[in-house]
Amino acid sequence: MDFSQLSPAEASAMEQIVARKQMRDFTKLYSGLVERCFGSCVDDFTSRALTTREEECVDKCTMKFLKHSERVGARFQEENAKMMAQQQAK
Amino acid sequence: MDFSQLSPAEASAMEQIVARKQMRDFTKLYSGLVERCFGSCVDDFTSRALTTREEECVDKCTMKFLKHSERVGARFQEENAKMMAQQQAK
Amino acid sequence: MDFSQLSPAEASAMEQIVARKQMRDFTKLYSGLVERCFGSCVDDFTSRALTTREEECVDKCTMKFLKHSERVGARFQEENAKMMAQQQAK
Amino acid sequence: MVFGFGGGSSSGGSQMSMGGGSATSPQIEAATAELDMITDVFNRLVSSCHAKCISTRYLEPDLNKGESVCVDRCVSKFFAVNAKVGEKMQAIGQQAGGAQAGAGGGGSFF
Amino acid sequence: MVFGFGGGSSSGGSQMSMGGGSATSPQIEAATAELDMITDVFNRLVSSCHAKCISTRYLEPDLNKGESVCVDRCVSKFFAVNAKVGEKMQAIGQQAGGAQAGAGGGGSFF
Amino acid sequence: MVFGFGGGSSSGGSQMSMGGGSATSPQIEAATAELDMITDVFNRLVSSCHAKCISTRYLEPDLNKGESVCVDRCVSKFFAVNAKVGEKMQAIGQQAGGAQAGAGGGGSFF
């Protein structure tokens, strides 16, 4: 983000806010991922332990979600840059 | 809301809290609306641009949601007033 | 939670934070329960009042959810204790 | 009290004042908590009644007659469910001597 | 402004400065609000495009070709919907003289 | 550490203390962050196992035998998935030299 309009003290306060937010967001990403992969992969409640099939599904689900959100992040930045360029051209 | 039990200083602090909350709520309303109308209207990923049909759907979805939440808000206030009257009658 | 690494002043501040969070969580539990039981039990919009069947459903839905989350809470603590014991054994 | 739940709100209020709070007064905290609750309930109401009443085919930008009537009844029924759940939880709370029996969501494992 | 919505962001900014705030400056508040908005939008984008593009059979750990192409187009379309909703709300806001007509989510019942 | 995730929690802790914070100590912040995480996980656990185990026909107010057994196993399996996801992310984090590779949710676009 562009903090150029902030004073040095404000920019430093903002950095702390961003750091804390990233921590919170990471936590939510993590628990959201657990919820998502549990929901998609686990459906057999005849035992307490994960089956091999469930374990493999969770692994792939985790990897795929991370790659997905990485790709979305990259495209997001491109689209955002495009949008800002359009706004400044007006 | 009724802030009559608050001191003037508290009422002013409360106004700031309400203003900040309204801002946050508006933001969430906005992004929730984008998510909702995207989910209902967009299903064709053979191109990058919205089709005419998708655009029209998004317009109607946006308008309908706003009218819906306006109507819910009006009924909410009525029901709430009714409930308070009942509680005071006890 | 274990607050042994906190100073007395910090522990007291933490208690306030926990109390406030419990209040907020209770509120969310409550409204989430209303949303859930409304969603599962109410589908007839030919009148303004709940039917007897809907009322009974809401009662059972509420009781069942509370018993469910109580049981999940008990199992959660057991699994958590197990996990901590494993980590300390390493 | 704007949003008069069965008793969750007032019992919550007394619990809040326990918390104290350094910068903000208990009154402000209670008012903020109430505001948060109302907004939370309202948002769930909007989305619940949208799911029950609004067709997602989006043929027109306005609420049609059937949708409008459905929304009105939906709000009434949502309030009725809200009252019912509130009564139930209050009854349970009294049985349990005021403890939030099985409240989940945080209460049970600290 | 990093995330240039139709106008919701800037009108929000002016509303924010009304609030003032004791400990934090209006600049910090505006930046924090913007940060929250971007994160919120991004999270919804991730989950929307996951629902539209990613098969939940999880046959392999990587995005396959079809999924990758779908994700790229999905992000573009999501931005287009975002712009469309923004325009629409700005138009409504101007009609209503700047008031958040039927904004719901809190605006309408205080 | 009450809730011992693979390592997300402790690596997060060190990141937190970077933040500093004016009014609150790093210890308080870390404890608050942990509390938030536990609650978040618990809420998702409650709703995940409700979706998997509880019939929404609501024939009786108690958990029946089948539901009770299902809930117990569901919690075990949820913890197992939690551990698995934690290991996976730690492995990726180490590969990427500690960076939150593709963490999404905010990490990637600031």
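Values quoted throughout were computed directly from the atomic coordinates according to the rules given, and no laboratory measurement underlies them. Only a predicted model underlies this, so the values are computations on that prediction, with no experimental measurement involved. Glycine gets a Cβ as well: all are built from the backbone with ideal geometry, and neighbour counts include every protein chain shown.
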Item to check | Within a Gaussian network of chain A (alpha carbon springs, distance under 10 Å), most fluctuating of A:ARG24, A:ARG75, A:ARG48 | outcome: A:ARG48
Checklist entry - Just counting partner chain Cβ atoms within 10 Å, what average do the residues of peptide C:50-62 show around their Cβ? => result 5
Checklist entry - How far is it, in nm, from the label point at B:LYS90 to the one at F:ALA96 when both lie 7 Å from their Cα along the line to the Cβ? => result 5.3
Checklist entry - Where Lys and Arg each count +1 and Asp and Glu each count -1, what net charge lies around E:SER76 among other residues with Cβ under 10 Å from its Cβ? => result +2
Checklist entry - Residue separation times 0.36 nm, minus the C-alpha to C-alpha distance between B:SER47 and B:ALA74: what's the value? => result 5.6 nm
Checklist entry - What does the average come to when, for each residue of peptide C:7-16, you count the partner chain Cβ atoms lying within 10 Å of its Cβ? => result 4
Item to check | Lys/Arg +1, Asp/Glu -1 at C-beta; chain B dipole; positive extreme among B:PRO8, B:SER47, B:GLN22 | outcome: B:PRO8
Item to check | Integer Hz, Karplus 6.51/-1.76/1.60 couplings in order for region E:38-50, x for Gly and Pro | outcome: 4, 4, 4, 4, 4, 5, 5, 5, 4, 6, 4, 6, 5
Item to check | Inter-copy spacing of B:THR51 label points, which lie 7 Å from Cα along Cα→Cβ, given in nm from shortest upward | outcome: 3.9, 3.9
Checklist outcome for this item: Computed over region D:23-75, the Cα gyration tensor eigenvalues, each multiplied by 5 and square-rooted, give semi-axes in Å (largest first) of 35, 10, 8
Item to check | Sum of side-chain charges, B:ARG48 neighbourhood, beta-carbon under 9 Å (Lys, Arg +1; Asp, Glu -1) | outcome: +1
Item to check | Neighbourhood charge, 13 Å Cβ-Cβ cut-off, centred on F:SER47 and excluding it, Lys, Arg +1 and Asp, Glu -1 | outcome: +2
Checklist outcome for this item: The rounded separation in angstrom of the Cα centers of region C:31-90 and region F:33-84 is 9
Checklist outcome for this item: Which of A:THR46, A:THR27, A:THR62 fluctuates most in a GNM of chain A (C-alpha springs under 10 Å)? That residue is A:THR46
Checklist entry - Which ³J(HN,Hα) values, rounded to whole Hz and listed in residue order, are derived for region C:65-78 from phi using the Karplus coefficients 6.51, -1.76 and 1.60 in 6.51 cos²θ - 1.76 cosθ + 1.60 with θ = phi - 60°, glycine and proline given as x? => result 5, 5, 5, 4, 6, 5, 5, 4, x, 5, 5, 4, 5, 4
Checklist entry - Going by alpha carbons, how many degrees (0 to 90, nearest 10) lie between the helix axis of C:8-41 and the longest principal axis of chain C? => result 20
Checklist outcome for this item: Output row for D:ASN64: copy-to-copy label distances, label 7 Å along Cα→C-beta, ascending, in nanometres, one decimal, is 3.9, 3.9
Next on the checklist: Which one, C:ALA74, C:GLY32, C:GLN86, projects farthest toward the positive side of the charge dipole computed for chain C from Cβ point charges (K/R +1, D/E -1)?
Outcome noted: C:GLN86
Checklist entry - How do F:61-71, A:51-61 rank on mean C-beta neighbours within 10 Å, highest first? => result A:51-61, F:61-71
Item to check | Per-selection metrics, region A:8-89 (Cα): Rg and Dmax in Å | outcome: 19.0, 62
Checklist entry - Cross-link list A:LYS60/F:LYS77; B:LYS28/D:LYS77; A:LYS67/C:LYS90: which exceed 28 angstrom alpha carbon to alpha carbon? => result A:LYS67/C:LYS90
Checklist entry - Setting aside same-chain residues fewer than 8 positions from D:LYS88, which aspartates and glutamates have a Cα under 13 Å from its Cα? => result C:GLU55, C:GLU56, C:ASP59
Checklist entry - How about B:LYS21: which aspartates and glutamates have a C-alpha closer than 19 Å to its C-alpha, ignoring those fewer than 8 places off in the same chain? => result B:ASP2, B:GLU10, B:GLU70, C:ASP25, D:GLU29, D:GLU34, D:ASP36, D:ASP40, E:GLU29, E:GLU34, E:ASP36, E:ASP40
